[in-house]
1. Output the residues belonging to the stretch 60-95 that are within 15 Å of LEU44 (Cβ to Cβ) and in a helix (DSSP H, G or I).
2. In the stretch 122-156, how many are surrounded by 19 or more Cβ atoms within 10 Å (Cβ to Cβ), in contact with a Ser or Thr (Cβ under 6 Å, 6 or more places away or on another chain) and part of a loop (DSSP other than H, G, I, E, B)?
3. Kindly provide the set of residues from the stretch 96-107 that are exposed (fewer than 12 other Cβ atoms within 10 Å of the Cβ) and not in a helix (DSSP H, G or I), ordered by number.
4. Within the stretch 179-189, track down each residue that is surrounded by 18 or more Cβ atoms within 10 Å (Cβ to Cβ) and in a loop (DSSP other than H, G, I, E, B).
5. Any residue that is under 22 Å from LEU173 (Cα atoms), of a type outside the set (A, V, I, L, M) and without any contact (Cβ under 8 Å) to a residue 40 or more places away in the chain - is there at least one of those in the stretch 77-92?
6. Evaluate the stretch 208-216: report whether one residue or more is farther than 20 Å from VAL5 by Cα, out of contact with any Ser or Thr (no Cβ under 8 Å at 6 or more places or on another chain) and not aliphatic (A, V, I, L, M).
7. Considering only residues that are crowded, with 23+ Cβ neighbours inside 10 Å, touching a Leu at 6+ places or on another chain (Cβ under 9 Å) and outside any loop (DSSP other than H, G, I, E, B), which ones fall in the stretch 190-225?
Amino acid sequence: MRLTVLGGCGAWPGAGQACSGYLVESDGFRVLIDPGYATLPRLLESTAAEEIDAVLVSHGHPDHCADLNPLLRARALGDEPPPALPVYAPAGALDAVLLLDKPRMLAGSFVPHDLVASRTLEIGPFRLDTWALPHHVPNAGLRLSSGGKTLAYTGDTGPADALVDLAKDADLLLAEATYPEHVPQEDAPYLSSALGAGRTAAAAGAARLLLTHLWPGTPPEPALAAAARSYSGELAVASAGVTVRL
């Protein structure tokens, strides 16, 4: 299994950057997770739109799903449109982004599937398990397993006991870490810190930790230092072009 980071900015893409977006590959099958703002141009540098086999969206905020629209346009309007793309997301999460076009524009380009917490799905060579995690809108924590390797992804989430179950013995935990240490009171139930991500990774026994969704313009050093206070495993910050082989 291989993970390629397309972008890791939270909220909006910094100059030359992109928001959340991750390409996961196993046995030639390609899953795009969270096509946020500015991720499609990054994706197209290495992978054609029609080569994506499935899309997973953790939640409906545009920094996690806005570039689904141009991805579907690229597939629907090409000279030889590929088969309809399976798109998995919490119920209603994609309503706004899909309304950017009239239905006939994207007709036949995708097949929607609702992500339901605690349900296991088989997607190509992947097993997908999901958890409902707290955020401003419904958010699905995603656990992808293939070939004996496991990637756990939090989406955007506040504190939750389920995070340890999501990341249990994962080869890689991809964790939202908007703030280095202290989450403002109004966001504390809905967003995480690098400090909290480190604690989760340590408690879960995750082999590696990749911090993502840092606030645009935030230097990586404070986040890395905060996570390292409780986590002693391999640690990095997600930025465009980072590739991890599990």
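1. LEU68, ASN69, PRO70, LEU71, LEU72, ARG73, ALA74, ARG75
2. Number of matching residues: 2.
3. Answer for the stretch 96-107, where residues must be exposed (fewer than 12 other Cβ atoms within 10 Å of the Cβ) and not in a helix (DSSP H, G or I): LEU99, LYS102, ALA107.
4. PRO180, VAL183 - these are the residues of the stretch 179-189 that are surrounded by 18 or more Cβ atoms within 10 Å (Cβ to Cβ) and in a loop (DSSP other than H, G, I, E, B).
5. Within the stretch 77-92, none of the residues are under 22 Å from LEU173 (Cα atoms), of a type outside the set (A, V, I, L, M) and without any contact (Cβ under 8 Å) to a residue 40 or more places away in the chain.
6. Checked the stretch 208-216: no residue is farther than 20 Å from VAL5 by Cα, out of contact with any Ser or Thr (no Cβ under 8 Å at 6 or more places or on another chain) and not aliphatic (A, V, I, L, M).
7. ALA194, GLY196, ALA197, GLY198, THR200, ALA201, LEU209, LEU210, LEU211, THR212, ALA223
Rundown of residues vs (1) among the acidic types (Asp, Glu); (2) surrounded by fewer than 15 Cβ atoms within 10 Å (Cβ to Cβ), yes/no style:
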residue	(1), (2)
ARG2	no, yes
GLY16	no, yes
CYS19	no, no
TYR22	no, no
GLU25	yes, no
ARG30	no, no
PRO41	no, yes
ALA49	no, no
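Rule-based calculations on the coordinates, nothing more; no lab input. On a predicted model such as this, the values are computed, not experimentally measured, just so you know. Because the Cβ atoms are built from the backbone with ideal geometry, glycine has one as well, and the counts that use them run over all protein chains shown.
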